[in-house]
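What follows is a short report on a single structure.
The values are calculated or read from the model by the stated rules, or taken from the named source; none is laboratory data. As the structure is a prediction and not an experimental result, all values here were calculated from the model. Quick reminder, even Gly has a Cβ in these numbers, built from the backbone with ideal geometry, and neighbours come from all protein chains shown.
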Amino acid sequence: MGFWTSTCRKKKKNYLQLSGVILDQDSLTPIPFVSIMVNDKGRAVSDYYGFFTVVVSAGDMVQFLSASHKTRFYKVDDTCSLKHYYAIQVLTKDTIQLPVVDVYPWPSKDEFKRAFLSLDLASTDYDRADKNLNQQALTYIERTMTVSGSEAYKNTMQNYYTKVYTAGQQPQIQLMNPIAWAQFIDSWRKKNKKEKPKTKVVNKLNED
């Protein structure tokens, strides 16, 4: 049942604004998040306090849908004189009966044990988190992953700001700069790889 305050006199085809609140029939409390359909023109949803506002025209069929209440329809009058309408729409609770489910026990404990042990359980969030935090995997990613674009940009801008800030002063020591340490270790590894073949050649000459 809906209570509508409106004044309708003559037919108009202009668009109208329909606003109001949706209440429960038993408790008269607002019903939140009710879908309001206006023919095939559009759709709106009531807010947490049951308030809604939609644009309609004369002759439109307004439909109110809620998961826990029965669907209601309202037809906008053909003869209207106002451009704003205020409504109090009341919805009735709908009781949904689910099909009956029969729970049967296992024939024996042995069959239950066999079926329980043969279950193929998917990995849980804890298992995936433990796998992602594996120390070997993290070490491999740390050594093989290159610097991203955002990290390179931040490092470049930080160096630029440092140069501007320390202009005319003694240069800062890079002992606390992780990027500088990474570059040093990388260059040191490359240097060792280049020097290894030379040591082998020297050893062969000494043997001859």
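Brief remarks on what is shown
- Any pair with Cβ under 6 angstrom, 6 or more apart, that starts in the range 32-56 at a residue that is in the same structural domain as Lys83 (by TED's automatic domain parsing) and ends at one that is surrounded by 13 or more Cβ atoms within 10 Å (Cβ to Cβ) and among the acidic types (Asp, Glu): Val38/Asp60; Asn39/Asp60
- For the range 173-208, a tally of residues being more than 30 Å from Tyr153 (Cβ to Cβ) and either in a helix (DSSP H, G or I) or modelled with pLDDT of 70 or more (or both) returns 15.
- Consider the range 104-161 and keep the residues that are closer than 25 Å to Gln183 by Cβ, hydroxyl-bearing (Ser, Thr, Tyr) and not in a helix (DSSP H, G or I). The one that is farthest from the chain's Cα centre (by Cα) is Thr146.
- Strands (runs of 3 or more DSSP E) completely within the range 15-100 that count 3 or more residues being within 30 Å of the chain's Cα centre (by Cα): 35-38, 42-45, 51-57, 61-66
- Residue check, Phe51 aromatic (Phe, Trp, Tyr), more than 25 Å from Ile96 (Cβ to Cβ) and modelled with pLDDT of 85 or more: yes
- Test result for Asp94, at pLDDT 85 or above and of a type in the set (D, E, K, R): yes
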